[in-house]
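Asker: Input: one structure, supplied below.
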Amino acid sequence: MTTACIICNNTTNNTTFVVKELQLGLGDIFNYQQCGSCGSLQLQDIPSDLGKYYPNNNYYSFNMGITGIPKKDRFRKIQSDYLLFNKNKIAGSLFTIGFKMPLHYHWIKNTGTKYTDSILDIGSGNGSLLSTLSRTGFTNLTGIDPFIAESKNYGPVKILKMEVFDVSEQYHLVMMHHSLEHMFEPKKVLQHLKNIIKPGGELLIRIPVMGNYGWKKYGICWSGLDAPRHIFIPTEKALGMMFEEAGFEIERFEYDSNDYIIWSSEQYLQGMPLQDPKSYMINPKASAFTKKQIKEFRKIIQLENEKGNGDTAAIYLRKK
């Protein structure tokens, strides 16, 4: 028996797949349904205790957090002044020679966010990204995550143990870096986000996309499934439907997959969890992949991104 699609409500021609939990190596089995209309995937048997799959001592986003009040880094500040706002041109041009601009610079630049603008990161884990932004000069940073152990206040960075529907304050930039797919009611979440984005503000959503390179190549071993943490995985078509229904318009849609999607899926194909001692994430030197192979993976997935066939996307949205 299949259920109504979480995105388009379709109930016909749906198919099911059996998927194993492979990030933590628990091996638990879950059923996913693919919609016969929009093509999206969704979890059918949601565990009663999802917290089991977000252990604070083992889940990756909880091991990358803040240990104290972030110290401002003058060198990084000059780099960001130059790269983001075209300031400090002489020193900035010198300090960025051979410097590959990190992804978070692209996100900030594409949204037009200023140093004093309020930023909310939904699904922040322990705050690694916000800590980085603080060191480069951003001063009004909040993260929320319902699975962290407790709330923390680090001066310019606040990390709160909180659900998205509990947020009432408005922000200039709201970010969801691979967190929307972890939520049960994505359309209601998007409708709520409209209320907490300031006039003229931006919403940045980064999310896995169903039906492209990884799914076609690896099927149920595609790491983008991440059972059971990913409640749903939308197609590009389904994303457009959700955003339109919630009252957002897409300003920019970019596929941004990286080599992780290939080497992790290759490991899953061999039955190796992400947390295995010989996993490339845990110990690259002990893994089965050479530096040459990893470089090749990067070339492959970059080409797929350029073809519009990547496995993850960054979507920049404004309220209509």
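The values are calculated or read from the model by the stated rules, or taken from the named source; none is laboratory data. Remember, predicted model here, so these are calculated numbers, not experimental data. FYI the Cβ positions are ideal-geometry reconstructions off the backbone, even for glycines, and counts take in every protein chain you see.
Asker: Please enumerate the residues belonging to the stretch 174-203 that are closer than 21 Å to Ile148 by Cβ, hydrophobic (A, V, I, L, M, F, W, C) and in a strand (DSSP E or B).
Answerer: Listed by number, the residues that qualify are Val174, Met175, Met176.
Asker: Among the residues of the stretch 213-252 satisfying the criterion of being in contact with a Gly (Cβ under 6 Å, 6 or more places away or on another chain) and outside any helix (DSSP H, G or I), which is surrounded by the fewest Cβ atoms within 10 Å (Cβ to Cβ)? Don't jump to the end; show me each part of the working.
Answerer: If we filter the stretch 213-252 for residues that are in contact with a Gly (Cβ under 6 Å, 6 or more places away or on another chain), which is where we start, we get 214, 222, 224, 235.
With the extra rule that they be outside any helix (DSSP H, G or I), the set shrinks to 222, 224, 235.
Numbers: Trp222: 25, Gly224: 25, Thr235: 20.
Per the stated criteria, the residue is Thr235.
Asker: To continue, here is another question. Just need a number here: residues in the stretch 256-292 that are crowded, with 16+ Cβ neighbours inside 10 Å and not in a loop (DSSP other than H, G, I, E, B).
Answerer: Looking only at that region, the number is 10.
Asker: Of everything in the stretch 50-80 that's assigned to a loop (DSSP other than H, G, I, E, B) and closer than 18 Å to Ser223 by Cα, which residue is modelled with the highest pLDDT?
Answerer: Filtering the stretch 50-80 for residues that are assigned to a loop (DSSP other than H, G, I, E, B) and closer than 18 Å to Ser223 by Cα, the one modelled with the highest pLDDT comes out as Tyr54.
Asker: Which pairs turn up if I take residues in the stretch 148-164 that are in contact (Cβ under 8 Å) with a residue 60 or more places away in the chain and look for partners that are of a type in the set (Ser, Thr, Tyr) and part of a strand (DSSP E or B) with beta carbon separation below 9 Å, at least 6 apart in sequence or on another chain?
Answerer: Short answer, once both residue conditions are applied: Val157/Thr142; Ile159/Thr142.
Asker: Further question: Considering only the stretch 30-49, I want to know if a residue exists there that is of a type in the set (Phe, Trp, Tyr), part of a helix (DSSP H, G or I), at pLDDT 85 or above and within 27 Å of Pro234 (Cα to Cα). Write out each step before concluding.
Answerer: To start, the set of residues in the stretch 30-49 that are of a type in the set (Phe, Trp, Tyr) comprises 30, 32.
Adding the requirement that they be part of a helix (DSSP H, G or I) leaves none.
No, because not a single residue in the stretch 30-49 is of a type in the set (Phe, Trp, Tyr), part of a helix (DSSP H, G or I), at pLDDT 85 or above and within 27 Å of Pro234 (Cα to Cα).
Asker: Another one. Given the options Ile148, Ile197, name the one that is over 24 Å from Leu41 (Cα atoms) and surrounded by 22 or more Cβ atoms within 10 Å (Cβ to Cβ).
Answerer: One residue alone meets the criteria, Ile148.
Asker: Can you go through Ser118, Ser131, Ser124 and tell me which one is surrounded by 13 or more Cβ atoms within 10 Å (Cβ to Cβ), touching a residue at least 24 places away in the same chain (Cβ under 8 Å) and under 18 Å from Met183 (Cβ atoms)?
Answerer: So the residue among Ser118, Ser131, Ser124 that is surrounded by 13 or more Cβ atoms within 10 Å (Cβ to Cβ), touching a residue at least 24 places away in the same chain (Cβ under 8 Å) and under 18 Å from Met183 (Cβ atoms) is Ser124.
Asker: Considering the stretch 136-172 alone, what residues qualify as being touching a Lys or Arg at 6+ places or on another chain (Cβ under 8 Å) and either of a type in the set (Ser, Thr, Tyr) or at positive phi (or both)?
Answerer: Thr136, Gly137, Thr142, Ser151, Tyr171, listed by residue number.
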